[in-house]
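Shown next, in structure tokens, is the structure this report addresses.
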Amino acid sequence: MSDDSGRVPAIEVQNLTVSFGCRPALLDVTLSIDPGLLVGVIGPNGAGKSTLIKAILGFVKFDFGKVLIQGDTVESAKGKVAYVPQRGAVDWDFPITVEEVAMMGRYGRIPWWRDPTAEDRRIVAEALEMVRMSDLQQRQIGRLSGGQQQRVFMARALAQGADILLLDEPFAGVDAATERAILDVLDRAKASGRTLVVVHHDLATAAEYFDKLVLIKQRLYAYGDPVQVLNPELLGEVYEGTLRVFQDLPGRENARV
Ligand SMILES: Nc1ncnc2c1ncn2[C@@H]1O[C@H](COP(=O)(O)OP(=O)(O)OP(=O)(O)O)[C@@H](O)[C@H]1O
Ligand SMILES: [Mg+2]
């Protein structure tokens, strides 16, 4: 369904319910994300943030509801969505270089009978340039810092040529300088017209980093402008006793878990 401006949403989630065993991880979640936005997903541990990302990718079975990517079913939208997993999900001892990881982004488009073309190599070089990893392209991925590894996986997602990027906690365990570098890549991906959905843990930076925020804990509690979503009463309800509220941005109450 298109909005008033006639644009088809990048992602539409309709009445989505996903369970593992008998307990729903997501319950009746409905959400529509316009193209070109940088969206943060917040909520406490176990809230269903990763499950939401996996549902958009078609990696989990739905009990009920549906997900549309640019108006198409997830199955027919393959290739339009790229995923940067949490760092813990990757085998870093695998003997593969930075360039080879980025080239994996092209594999969905390269038929099995041919090698990467000059065009594939150009796209990979551009993606590595975008994440500022060109200098290290021949290095084994196991010999990179955590933040560099994160950027290589972002390059792989960019090389895929997908319009929509989903990132699960890209800032986890990186230092402040790396966090800036990753944020810079997110901003540039957005400037190139992509839609980004990013699971994020730090409520103190959420308003600064994202155009809109999704607040979930099994159900969708809020989706909208960060200032509205980061409402102390709402956060108190969602994070219950785990939240420490403090003031650090002028005129606004912020919170950190
Ligand atoms: N593969 C699975 N099998 C069984 N239960 C699962 C599975 N994946 C997630 N869950 C459960 O679903 C719920 C939501 O998990 P999810 O990983 O989506 O939370 P999250 O918000 O990403 O949490 P975190 O902040 O800890 O990453 C949790 O109760 C979790 O234990
Ligand atoms: Mg998670």
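Please go through segment 124-177 and pick out each residue that is in contact with a Lys or Arg (Cβ under 8 Å, 6 or more places away or on another chain), surrounded by fewer than 21 Cβ atoms within 10 Å (Cβ to Cβ) and either assigned to a helix (DSSP H, G or I) or of a type in the set (Lys, Arg) (or both). Of everything in segment 124-177, those that are in contact with a Lys or Arg (Cβ under 8 Å, 6 or more places away or on another chain), surrounded by fewer than 21 Cβ atoms within 10 Å (Cβ to Cβ) and either assigned to a helix (DSSP H, G or I) or of a type in the set (Lys, Arg) (or both) turn out to be 130, 132, 146, 149. For the residues 52, 27, 31, the requirement of being in contact with a Lys or Arg (Cβ under 6 Å, 6 or more places away or on another chain) and within 16 Å of ligand 1 (Cβ to nearest atom) singles out 27. Can you tell me how many residues within segment 52-71 are within 13 Å of ligand 2 (Cβ to nearest atom) and part of a helix (DSSP H, G or I)? Looking only at that region, the number is 4.
In segment 178-199, which residues are outside any helix (DSSP H, G or I) and either within 16 Å of ligand 2 (Cβ to nearest atom) or in contact with a helix residue (DSSP H, G or I) (Cβ under 8 Å, 6 or more places away or on another chain) (or both)? Listed by number, the residues that qualify are 196, 197, 198, 199. Scanning segment 143-167 for residues that are within 16 Å of residue 78 (Cα to Cα) and without any contact (Cβ under 8 Å) to a residue 60 or more places away in the chain turns up just one, 159.
Return a yes/no flag: does segment 95-103 have any residue that is more than 16 Å from residue 160 (Cα to Cα), part of a loop (DSSP other than H, G, I, E, B) and modelled with pLDDT of 90 or more. Scanning segment 95-103, I find no residue that is more than 16 Å from residue 160 (Cα to Cα), part of a loop (DSSP other than H, G, I, E, B) and modelled with pLDDT of 90 or more, so the answer is no.
Quick grid of which residues meet (1) assigned to a strand (DSSP E or B); (2) surrounded by 17 or more Cβ atoms within 10 Å (Cβ to Cβ); (3) more than 15 Å from the chain's Cα centre (by Cα):
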position: 16; (1), (2), (3): yes, yes, yes
position: 19; (1), (2), (3): yes, no, yes
position: 25; (1), (2), (3): yes, yes, yes
position: 36; (1), (2), (3): no, no, no
position: 40; (1), (2), (3): yes, yes, no
position: 50; (1), (2), (3): no, yes, no
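For segment 204-236, filtered to residues that are among the aliphatic types (A, V, I, L, M) and in a strand (DSSP E or B), the residue that is farthest from residue 24 (Cα to Cα) is 213.
The values are calculated or read from the model by the stated rules, or taken from the named source; none is laboratory data. Just so it is clear, the structure is predicted and the values come from calculations on it, not from any experiment. Reconstructed Cβ throughout: ideal geometry from the backbone, glycine too, with neighbour counts over all protein chains shown.
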